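The values are calculated or read from the model by the stated rules, or taken from the named source; none is laboratory data. Predicted model only: the values in this text are computed from it and were never measured. Reconstructed Cβ throughout: ideal geometry from the backbone, glycine too, with neighbour counts over all protein chains shown.
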Amino acid sequence: MPPVPLGPALLEACCMNDDQIEVPTEEAPAAPAGELVHFNPWRDFNDAPLIVDPFGVEPDREQIEIFLDVVFGYCEGLIPIRGFVDKGQGFNGKPHNIWIEADGTSLDKLATFAAWAWRESVAVYVIPGTVAEQGHARAAEVLQMQTVVVDLDAGDVGAKLTHLVHHLGDPTLIVESGGRTDRGLDKLHVWWKLSEPASGDDLKRLCRLRADIAIKVGGDTHFHSAHQPIRVAGSVYHKNGFQRVVRIREHNRIEVHLDDLAERVAAMPALSDGGRELPDPSRPKPPIDAVLNTPVHEGGQDAWTRFEGASAAIGHYIRRVHAGEMTPDDGWEAICQYNAALLRPAWPLERLRQEAERLWRRHLDRNGPALIRAEAPPRPTLPVFSLGALLDDHSPMPEDIIAPRVLTPGGMLVLGGAPKVGKSDLLIHLLVHMAAGRPFLGFTPPRPLRVFYLQAEIQYHYLRERLQAIRLDAAVMAAARDNLVATPKLRLLLDEQGVALAADAVREAFPDNPPDILCIDPIRNLFDGGPDGGSENDNAAMMFFLTERVERMREAVAPDSGIVLVHHTKKMNRKLVAEDPFQALSGASALRGFYTTGLLLHRPDEEDLTRRLEIELRNGPALKPKLVDKADGAWVELNPLNERLVRKEAGAKLDAERLRKHDVILGMLLDEAAEQRLYTTMQFAEKFENKVGLGSKHTIRERLSVLATKGFIKFLRDPSRFGYPITRSRFGYLCVQGMTFGPGSEHHNPLTGEITEGAIPVSPSHFKCPQSGLCLEVENPEIWVYPQGSEPDPLHMSAA
């Protein structure tokens with residue numbers, strides 16, 4: 001389950017910062033600078049108990065203790081701690097930064113932070129040095145370091161480690177960072193602990209040693225900078241959804257002098273596949289973006305020379321050709337264009353070719369054979385048809401996936417609705433019916449359909465609870481149980497990797513026959529806006545997601561299947577929703593132009609639970625909106641003729657007032673009979689005129705007449721047993737269900753001698769015929785019978 005984002009209030013309570021921080025490298029994000037506040041471990045981070053995951057891993061306090069001793073045991077000052085959301089988990093988060101004192105309390109504080117980070121799926125990094133002030137952790141602000149570290153994150157890690165141990169001696173720590181190389185080997189952090197902290201010029205020398213070691217063995221060269229953070233041993237790695245402890249593989253109680261280590265590094269030869277000529281530290285390498293956009297003149301009058309610019313540009317295009325991103329001809333053309341546009345004056349083509357061939361051979365020696373990109377295949381032709389061909393084609397139409405034209409082969413249906421309006425519940429019922437081959441709200445499948453439900457909203461246990469609560473025929477559930485396959489809540493983005501994972505899951509679920517329907521719920525939780533990182537509000541990003549993600553997934557598993565997308569709506573005025581309902585769909589308008597069918601579920605009236613399902617078809621004739629609601633746990637379609645068209649709010653108030661009078665009148669008759677008072681229709685209307693909001697006696701008589709017709713009131717012609725005379729009234733005394741006379745009295749059973757207390761029931765003798773209005777005798781006074789269609793509503797007091 002993805003972690004809930006921490007709000008500003010919680011961050012402030014934890015003395016943390018939520019500033020966005022750039023992450024320059026995949027393995028170790030660079031440390032930021034900013035005004036950040038000290039972390040207090042006795043606040044939010046240790047308030048909640050740990051939740052034990054039987055299938056996961058937990059931070060290792062003992063390994064954290066070893067790590068702190070090796071990296072900060074001799075240092076003084078503040079330790080900068082960083083919390084970053086690892087990539088590939090299906091969600092993004094802001095960095096969390098704290099500073100802790102390098103003293104006896106650091107273990108408890110760092111262990112507390114690591115436990116919180118584990119619960120929130122956040123990786124824990126540390127700058128392996130101390131600083132003087134909170135919020136200041138740039139490279140120039142690092143004061144002390146007591147370790148030299150190299151990050152082995154690519155290639156033959158084992159061979160590089162052997163090379164380092166042979167020439168530099170056994171390291172103090174070997175830590176498995178949690179990642180894997182392309183060859184499946186563990187990525188390693190190799191540490192040497194110094195005999196004393198380095199500061200000032202020695203600290204610069206230490207950073208230079210880190211860069212030299214990385215260059216010679218093919219490690220991560222970003223560690224030339226003092227503020228490059230690294231994972232904490234004993235914390236948890238979360239990248240791409242895999243959890244592993246950042247584990248200490250080997251711990252040796254070894255310390256080295258900085259001078260001795262520097263001599264060993266200088267004497268260590270470079271690996272053939274990892275070393276390269278050391279760059280001149282006095283002249284930084286120009287960034288490639290600047291090289292490709294900045295003219296450079298002869299004579300060394302610019303920030304870099306023509307030779308440096310040409311070498312950088314040629315190297316850039318050689319790497320792209322080697323990786324298969326460009327063809328050799330395109331690469332050479334790009335090099336020539338750079339030479340002509342930005343070198344002043346341009347190099348002769350022969351010299352340019354010689355330099356390109358020299359760098360190409362060098363690149364092949366270091367990186368192996370190239371992945372040469374094949375020439376582009378012939379451009380496909382667009383299918384076109386004349387009017388005559390279209391008119392003469394009388395072949396059968398493709399069979400609808402969901403009729404009538406709601407979902408067609410290769411079509412896309414978008415179901416939209418506001419949160420909590422019931423769209424997910426409606427969708428689940430729709431998918432179950434389609435999987436069972438049964439019609440639902442007028443939508444009909446031709447047969448039981450195979451449905452894959454890719455959802456990222458409901459966790460497993462709550463998903464099964466919702467499915468088990470569906471009140472449908474056992475035959476429907478039995479027919480759908482093997483045809484509908486659903487995922488629990490996913491922490492996944494439908495990026496290139498997510499599409500591949502989803503396609504594999506679909507093939508595994510339906511190995512023999514492809515699915516008929518692919519459902520994605522909701523768009524927002526799985527959205528990938530492409531390389532530019534656009535949101536769902538960006539038309540270009542939405543088109544990228546629909547064409548490069550959703551359509552690619554369909555092409556990979558079932559090109560003729562139908563797609564169902566679930567999407568949220570934005571807040572809009574009800575009048576605007578009524579005029580054009582589908583303008584309420586959240587995000588970019590490109591979505592509306594892409595789908596073939598739109599369904600929008602909304603409540604026209606917030607006080608009314610009835611929902612309206614708007615329908616928009618592009619592949620068929622228009623369908624009228626449907627009034628739908630849930631009855632006894634199942635969705636039903638309501639008759640639209642029963643809905644008011646004029647003065648809906650006023651009519652609803654009048655209905656509510658009639659129901660109130662209904663309850664008040666029946667309650668008063670019960671209460672009056674308990675006080676030994678019975679009434680005819682006229683006497684009741686005259687006595688209670690203008691009381692408890694019942695209105696005039698004429699209004700009361702009308703309500704009594706309606707209640708008698710509906711069977712809520714019946715009549716007693718002979719009340720003599722209660723001490724009342726027989727009346728000349730047409731019907732008699734009013735009687736309601738459950739009426740008793742008096743507060744109750746004692747009854748003696750002469751056979752058993754038992755004495756019981758009980759009120760005297762008042763049973764009707766006559767009722768008003770709902771068809772003719774005549775006064776007719778009841779068949780059995782002990783059984784209260786309502787006319788058909790007039791059963792009491794359990795929401796009202798009369799039902800009691």
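Annotations for the structure displayed:
- Scanning segment 174-181 turns up no residue that is crowded, with 23+ Cβ neighbours inside 10 Å, small (Gly, Ala, Ser) and more than 26 Å from ARG253 (Cβ to Cβ).
- Residue within segment 473-487 that is farther than 19 Å from PRO514 by Cα and among the polar types (S, T, N, Q) present: no
- Set PHE45, PHE55: member being at pLDDT below 50, closer than 16 Å to VAL236 by Cβ and crowded, with 21+ Cβ neighbours inside 10 Å: PHE45
- Of the listed requirements (1) assigned to a loop (DSSP other than H, G, I, E, B); (2) under 16 Å from HIS136 (Cβ atoms); (3) at pLDDT 75 or above, ASP19 misses just one: (3).
- Among the residues listed as VAL628, VAL550, the single one being part of a strand (DSSP E or B) and crowded, with 17+ Cβ neighbours inside 10 Å: VAL628
- Residues of segment 69-89 classified as touching a helix residue (DSSP H, G or I) at 6+ places or on another chain (Cβ under 6 Å), under 24 Å from HIS227 (Cβ atoms) and not in a strand (DSSP E or B), total: 2
- Looking across segment 164-196, the residues that are outside any helix (DSSP H, G or I), on the phi < 0 side of the Ramachandran plot and more than 47 Å from the chain's Cα centre (by Cα) come down to SER195, GLU196.
- Selection status of PHE452, of a type outside the set (Asp, Glu), farther than 30 Å from LEU501 by Cα and assigned by TED's automatic domain parsing to the domain that holds VAL506: no
- Scanning segment 413-443 for residues being over 25 Å from ALA478 (Cα atoms) and part of a loop (DSSP other than H, G, I, E, B) gives a total of 4.
- Selected residue (only one of ARG660, ARG677 is part of a loop (DSSP other than H, G, I, E, B), of a type outside the set (Val, Ile, Thr), out of contact with any strand residue (DSSP E or B) (no Cβ under 8 Å at 6 or more places or on another chain) and at pLDDT 85 or above): ARG677
- The set of residues in segment 527-547 being part of a loop (DSSP other than H, G, I, E, B) and within 17 Å of the chain's Cα centre (by Cα) consists of PHE527, ASP528, GLY529, GLY533, GLY534, SER535, GLU536, ASN537.
- For segment 157-186, residues that are touching a strand residue (DSSP E or B) at 6+ places or on another chain (Cβ under 9 Å), touching a residue at least 40 places away in the same chain (Cβ under 8 Å) and of a type in the set (A, V, I, L, M) total 5.
- Taking segment 197-217 as the range and being assigned to a strand (DSSP E or B) and under 25 Å from ARG247 (Cα atoms) as the test, only PRO197 passes.
- Filtering segment 711-740 to residues that are under 60 Å from the mean Cα position of the chain (by Cα), closer than 17 Å to ARG677 by Cβ and part of a strand (DSSP E or B) leaves ILE713, CYS735, VAL736, THR740.
- When ALA226 is tested against (1) crowded, with 18+ Cβ neighbours inside 10 Å; (2) closer than 21 Å to LYS160 by Cα, exactly one condition is not met: (2).
- Hits in segment 207-217 - residues which are surrounded by fewer than 24 Cβ atoms within 10 Å (Cβ to Cβ), within 19 Å of GLY155 (Cβ to Cβ) and not charged (D, E, K, R): ALA211, ALA214, ILE215
- Filter result for the condition that a residue is surrounded by 12 or more Cβ atoms within 10 Å (Cβ to Cβ) and in the same structural domain as GLY633 (by TED's automatic domain parsing), over MET434, MET326: MET434
- Residue check, SER195 farther than 24 Å from GLY83 by Cα and in contact with a His (Cβ under 7 Å, 6 or more places away or on another chain): yes
- Among the residues listed as PRO531, PRO511, the single one being surrounded by fewer than 17 Cβ atoms within 10 Å (Cβ to Cβ), farther than 30 Å from GLY620 by Cα and at pLDDT below 90: PRO531
- Within segment 294-350, the set of residues being hydrophobic (A, V, I, L, M, F, W, C) and part of a loop (DSSP other than H, G, I, E, B) comprises ALA303, TRP304, ALA323, MET326, ALA346, TRP347.
- Residues satisfying the stated conditions in segment 377-412, i.e. of a type in the set (A, V, I, L, M), assigned to a loop (DSSP other than H, G, I, E, B) and more than 25 Å from VAL451 (Cα to Cα): LEU382, VAL384
- Selected residue (only one of ILE402, ILE458, ILE470 is on the phi < 0 side of the Ramachandran plot, surrounded by 22 or more Cβ atoms within 10 Å (Cβ to Cβ) and hydrophobic (A, V, I, L, M, F, W, C)): ILE402
- Residues being loosely packed, with under 10 Cβ neighbours inside 10 Å, hydrophobic (A, V, I, L, M, F, W, C) and at pLDDT 70 or above - total across segment 748-785: 2
- Close pairs (9 angstrom Cβ cut-off, 6 or more residues apart or separate chains): assigned by TED's automatic domain parsing to the domain that holds LEU492 and surrounded by 21 or more Cβ atoms within 10 Å (Cβ to Cβ) in segment 70-88, part of a loop (DSSP other than H, G, I, E, B) and among the acidic types (Asp, Glu) anywhere: none
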